[in-house]
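Encoded as structure tokens, the structure appears first; notes follow it.
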Amino acid sequence: MRHLIRGALLSVFCLAWATGYGSESPVRVGDLRCEYATNPLGVDTLHPRLSWGLSSPRRGEMQTAYQILVASSEEKLKAGEGDLWDSGKVISDQSTQVPYQGKGLSSRQHCYWKVRVWDKDGEANGYSDPASWEMALLSPSDWKAQWIGYTAAWNGRALYFRYHFDIRRTVKEARAYVAGLGYYELHLNGVRVGDRVLDPGFTDYSKRVLYSTYDVGGLLRSGGNVIGVIVGNGWYGMPKLLLQMEVTYTDGSRDWFYTRGGIIGESWRVTCGPILANSVYDGEAYDARLEKPGWDLPETIPEKPVDRTEGWEGTVPVEPPGGRLVSQTINPIKIMDTLHSGKMSEPRPGVFVYDLGQNVAGWAELRVKGERGVRVTLRFSENLAADGTVNQENLRKAAATDEYTLRGGGEEKWEPRFTYHGFRYIQVEGYPGRPGLQNILVKVIRSSVDPNGVFETNNELVNRIQKMVWWTEASNLYSVPTDCPQRDERMGWLNDLTVRTEEAVYNFNMSRFFPKFLNDIGDTQAEDGSITDTAPFKWGMRPADPVSASYLLQAWFLYQHYGDTRALADHFDGFKAWTDFLASKSKDGIVTYGYYGDWAPPSAYTVEGSLGSSAVSKDTPVQLMSTGYLYYCSRLLSSMAQILGRKDDKTKYDALAQKVGEAFNREYWNDAVGGYGANNQSANSFALFLGLVPQKQVPRVVDNLVKDVKVAGGHLTTGNLCTKYLLEALTTYGRADTAYEIVTQKTYPSWGYMLANGATTLWERWEELTGGGMNSHNHPMMGSVSSWFYKYLGGINTDPQAPGFKRIVIHPYPVGDLTWVRSEYTSMYGVIRSAWRREGKTFRLNLTVPVNTTATVYVPASNVSHVTEGGNPAASAAGVEWMRNEDGAVIFEVGSGDYEFVAR
Ligand code: BGC
């Protein structure tokens, strides 16, 4: 599937490029984006950032200048008139994150733009194809709509809203701005509008409510029209709706249609429909006999004042949820794939169990034919019981059960709207007759972030681990990065995200996802700077565990992977407040609290009876982890301050880092053994990762680490956090072989052990557990191994000094039994490829470096004379510059293009 999506994206990209071809320069411009999106609606920033992609058949191609035109109409843009902004020729190689600097923009404004560039020889290109963006409703005064609901008769059922209106003039365009809490589905004249599901994204609704913008002009007709909206409970509770539709006619006049309660004859109507129950955790119950056919069509229901016999009542204005209305810019949740089970069994008569063969998150579509009133039940699970039926024990209180009651007649198709499940198995009961494989379709659902990477090797186990991590991450992007998709939890846990951030950003394009979640975290921040363990805050503690560096790391990786400084700037004060809060909870540089620390290591290394079904490490003190993270946050803040030009802050956090680092070493360094804390894998690798180990002690610590791995039979003993640091510290300190040994284990505890026991997504625990308690089978927190794959095996990295992959570092580690690796990463400049192969003594590295970037390339060889590029001595190859030899690698600098380095 990933390949399909990538293929589709690439062909769109290529197509766009092909049409943007200019006259003299061979450089082509395409893939125009505004705020990371293609032609977005609902842009809510006054200086949207623009970016474009470049391609060229020549090596070493660079942009030397650009010119952007932004116009208020398509016609003006066509005529070359940038009435909103004409940047003029700007001498710059910047092709991403270029802020709009034209006339002031207002709510709803349409902006059309194009760009041309000058190439490395200073030759101009023709303008690109046009692109556009549209501004959101920027001010509360733009809203006429009122929140409406149905308080008196609400009984837990989803609400159906209906509004009839007339269109008498010719429509030029129309927009609907919609927020239905918890989740809604929008219809217009019998058509379901758009393809968003589980919308809007989950936030703390008392702080922030996201609304979506729809282009609905094409759905309106002359005469009677009907808006229909189904609203379920979602994460909110009693459904509420806010909708404003703005119609512009060809004569320039406008109409507003919007939610408001009360006025008989004009008002919105509401009824409880066929959705009898709906809950994110428990599932949905639908009785098709209660459907009101044509409820969202104009002609079917005569428009008379509130007609109780039809079951439609007047709506009432309700208390607003409290949060400010914010345009939803995170990629909406969508159905991303449809799958069929390959297997079905009948463990008991009339009980059918489908096995998808892959643990996923989403729901099932049921296809059934039978008598009116027959009820089919679908139960979802990750595990099977011994008798072959579903085992839902590890879902704890989540019922994860959908029910459908047939209307009778022909074939019926049904899927839920306001729930989702994490599952591999579906148990079907009450089905009239014997269902076939085609009667249950699985819809795979998530925030529609694009897959961003490819990673494959000759080692099938490594490939399967990568696939397992990919599916786990994909299952846990539901507008917040959830801990798991199946049990009664599904929360944005900040501790897990600390080591997930980088894995996620290699596997998916998180440029629009992380900014949203950063706001969710910011919304939890109290006066004292404390944030909470989960965002939106549902579970866990305030203050959050100090390991919640994910707050800062999301902004950090937005900067590293996309060159985005906005999140750094917007949240800098919040990051400071959180770090200062941690400092205030420390004594002599040691942070005095922590709850989870290096959470959930193998059970022999945990405290019996501790939090989370015994998940607290017994060898790695929480204070050690907390203090390490205060150090890490201080260092991150110092770097951020440097980037943002905040000198005083840089000085302040350098000093804090110094103080905390010294305290860490004073408290935890054990000179007698040459290690930290209990001299275990977690403490030693964390200290190495943080760069806290004094230079002359590094060999002792690395040695201890390697010894400890040996004692553990080549296995890790780490929890969710230090698993990342273990692999990275070993690799960067010269023991990639030991890291690889850990990664490719097949026995407990390891990823291979999970796979050997049938896992298709990551377990929460290293042990195989299937009972109640804390043992999700779809938990991304142990998945940092995937970023290790990209960074070290594929060797694709951004240079921190030129982030956003403006300067790329290709540094592969050929290790263990690997004979080839193929890796790709889609950067904002285009696809970066690093593929290598070993045959005997020959090492071959195939590279693609996107236009307008450069790369530093590490080729494993002892001397430059042993390396060729494209068949010529590498030192003299076109576009290749030899820099130096270092630690068994020959280092080159290259510009854009395709390269083949061969070392013998
Ligand atoms: C979540 C974890 C999280 C933990 C912290 C669990 O319930 O699923 O992922 O790390 O709580 O206590």
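Please find, within the stretch 539-553, the residue that is surrounded by the most Cβ atoms within 10 Å (Cβ to Cβ) out of those that are under 20 Å from the mean Cα position of the chain (by Cα) and more than 22 Å from Ile808 (Cβ to Cβ).
At the first step, the residues of the stretch 539-553 found to be under 20 Å from the mean Cα position of the chain (by Cα) are 548-553.
Then keep just the ones that are more than 22 Å from Ile808 (Cβ to Cβ); that gives 548-552.
On the way: Ser548: 28, Ala549: 26, Ser550: 27, Tyr551: 28, Leu552: 30.
For the stretch 539-553, the residue satisfying everything is Leu552.
Within the stretch 562-617, how many residues are within 30 Å of Gly830 (Cα to Cα) and among the charged types (D, E, K, R)? Give the steps one after another, and end with the answer.
Of all residues in the stretch 562-617, those within 30 Å of Gly830 (Cα to Cα) come to 562-572.
When the remaining residues are screened for being among the charged types (D, E, K, R), the result is 564, 566, 570.
Total meeting the criteria: 3.
Checking the condition out of contact with any Gly (no Cβ under 6 Å at 6 or more places or on another chain), hydroxyl-bearing (Ser, Thr, Tyr) and surrounded by fewer than 21 Cβ atoms within 10 Å (Cβ to Cβ), which residue from Thr532, Thr565 passes? Before the answer, list the steps.
Numbers: Thr532 fails: surrounded by fewer than 21 Cβ atoms within 10 Å (Cβ to Cβ).
Just one listed residue meets the conditions, Thr565.
For the stretch 592-625, which positions are within 14 Å of the ligand (Cβ to nearest atom) and touching a strand residue (DSSP E or B) at 6+ places or on another chain (Cβ under 8 Å)?
The answer is Gly597, Asp598, Trp599, Ala600, Pro601, Thr606, Val607, Ser614, Ala615, Val616, Ser617.
Condition first: open to solvent by less than 20 Å² (accessible area, probe 1.4 Å), under 24 Å from the mean Cα position of the chain (by Cα) and of a type in the set (Asp, Glu). Can you find one or more residues in the stretch 195-216 that meet it?
Checking the stretch 195-216: at least one residue is open to solvent by less than 20 Å² (accessible area, probe 1.4 Å), under 24 Å from the mean Cα position of the chain (by Cα) and of a type in the set (Asp, Glu).
With the structure loaded, tell me whether Asp523 is modelled with pLDDT of 95 or more, open to solvent by 10 Å² or more (accessible area, probe 1.4 Å), under 26 Å from Gly574 (Cα atoms) and among the acidic types (Asp, Glu) or whether it fails that test.
So Asp523 passes the test.
Which pairs have Cβ atoms under 9 Å, sit 6 or more apart or on different chains, and link a residue in the stretch 482-511 that is farther than 11 Å from Asn452 by Cα and aromatic (Phe, Trp, Tyr) to one that is in a helix (DSSP H, G or I) and near the ligand (Cβ under 9 Å from one of its atoms)?
Trp493/Met781
Taking Arg844, is it open to solvent by 40 Å² or more (accessible area, probe 1.4 Å) and within 21 Å of Ala736 (Cβ to Cβ)?
Numbers: open to solvent by 40 Å² or more (accessible area, probe 1.4 Å): yes; within 21 Å of Ala736 (Cβ to Cβ): yes.
Criteria met by Arg844.
Just give me the residues in the stretch 847-904 being open to solvent by 20 Å² or more (accessible area, probe 1.4 Å), over 25 Å from Val454 (Cβ atoms) and not in a strand (DSSP E or B), in sequence order.
If the condition is that a residue be open to solvent by 20 Å² or more (accessible area, probe 1.4 Å), over 25 Å from Val454 (Cβ atoms) and not in a strand (DSSP E or B), then Ser862, Asn863, Val864, Ser865, His866, Gly871, Ala875, Ser876, Ala878, Asp887, Gly888, Arg904 are the ones that fit.
Need pairs with beta-carbon distance below 6 Å; first residue without any contact (Cβ under 8 Å) to a residue 60 or more places away in the chain and within the stretch 786-810, second among the hydrophobic types (A, V, I, L, M, F, W, C) and open to solvent by 20 Å² or more (accessible area, probe 1.4 Å); sequence gap 6+ or separate chains.
Asn797/Val809; Asp799/Val809
Filter the stretch 476-496 down to the residues that are within 15 Å of Val444 (Cβ to Cβ) and surrounded by fewer than 24 Cβ atoms within 10 Å (Cβ to Cβ) and list them by number.
Matches in the stretch 476-496: Tyr478 only.
Taking the stretch 229-283 as the search range and keeping residues that are among the polar types (S, T, N, Q) and in a strand (DSSP E or B), which one is modelled with the lowest pLDDT?
Step one: of the stretch 229-283, the residues among the polar types (S, T, N, Q) are 233, 244, 248, 250, 253, 259, 267, 271, 278-279.
Next cut, in a strand (DSSP E or B) only: 244, 248, 271, 278-279.
Values: Gln244: 98, Thr248: 98, Thr271: 92, Asn278: 97, Ser279: 97.
The residue in question is Thr271.
Pick from Leu692, Leu716, Leu705: which is within 34 Å of the chain's Cα centre (by Cα) and either part of a helix (DSSP H, G or I) or within 16 Å of the ligand (Cβ to nearest atom) (or both)?
When all the criteria are applied, what remains is Leu705.
Would you mention how many residues in the stretch 519-549 are within 16 Å of the ligand (Cβ to nearest atom) and not in a loop (DSSP other than H, G, I, E, B)?
3
Can you tell me which residue is farthest from Gly30 (Cα to Cα) among those in the stretch 109-130 that are modelled with pLDDT of 95 or more, part of a strand (DSSP E or B) and touching a Phe, Trp or Tyr at 6+ places or on another chain (Cβ under 6 Å)?
Cys111
Scan the stretch 759-789 residue by residue and report those that are more than 16 Å from the ligand (Cβ to nearest atom), not aromatic (Phe, Trp, Tyr) and not in a loop (DSSP other than H, G, I, E, B).
Within the stretch 759-789, Val785, Ser786, Ser787 qualify.
Can you spot a residue in the stretch 459-478 that is of a type in the set (S, T, N, Q), touching a helix residue (DSSP H, G or I) at 6+ places or on another chain (Cβ under 6 Å) and either within 16 Å of the ligand (Cβ to nearest atom) or part of a loop (DSSP other than H, G, I, E, B) (or both)?
There is at least one residue in the stretch 459-478 that is of a type in the set (S, T, N, Q), touching a helix residue (DSSP H, G or I) at 6+ places or on another chain (Cβ under 6 Å) and either within 16 Å of the ligand (Cβ to nearest atom) or part of a loop (DSSP other than H, G, I, E, B) (or both).
Which residue out of Val115, Val90 is open to solvent by less than 40 Å² (accessible area, probe 1.4 Å) and farther than 19 Å from Lys240 by Cα? So that I can check it myself, show each step before the final result.
Details: Val90 fails: open to solvent by less than 40 Å² (accessible area, probe 1.4 Å).
That would be Val115, the only listed residue that is open to solvent by less than 40 Å² (accessible area, probe 1.4 Å) and farther than 19 Å from Lys240 by Cα.
Quick one: Gly816 ticks every box in (1) closer than 19 Å to Tyr740 by Cα; (2) of a type in the set (Gly, Ala, Ser); (3) touching an Asp or Glu at 6+ places or on another chain (Cβ under 9 Å); (4) open to solvent by less than 10 Å² (accessible area, probe 1.4 Å) bar one, so which box is it?
Of the numbered conditions (1) closer than 19 Å to Tyr740 by Cα; (2) of a type in the set (Gly, Ala, Ser); (3) touching an Asp or Glu at 6+ places or on another chain (Cβ under 9 Å); (4) open to solvent by less than 10 Å² (accessible area, probe 1.4 Å), the odd one out for Gly816 is (4).
Phe514 passes all but one of (1) in a helix (DSSP H, G or I); (2) closer than 22 Å to Gly362 by Cα; (3) within 16 Å of the ligand (Cβ to nearest atom); (4) of a type in the set (A, V, I, L, M, F, W, C); which number fails?
(3)
The values are calculated or read from the model by the stated rules, or taken from the named source; none is laboratory data. The model shown is predicted, which means the values in this text are computed figures rather than measured ones. Every residue, glycine among them, receives a Cβ derived from its backbone with ideal geometry; neighbour counts consider all protein chains shown. Ligands, DNA and RNA are stripped out before the accessible areas are found, and what is left, the full protein with its side chains, is counted by its heavy atoms. Shrake-Rupley method; radii C 1.70, N 1.55, O 1.52, S 1.80 Å.
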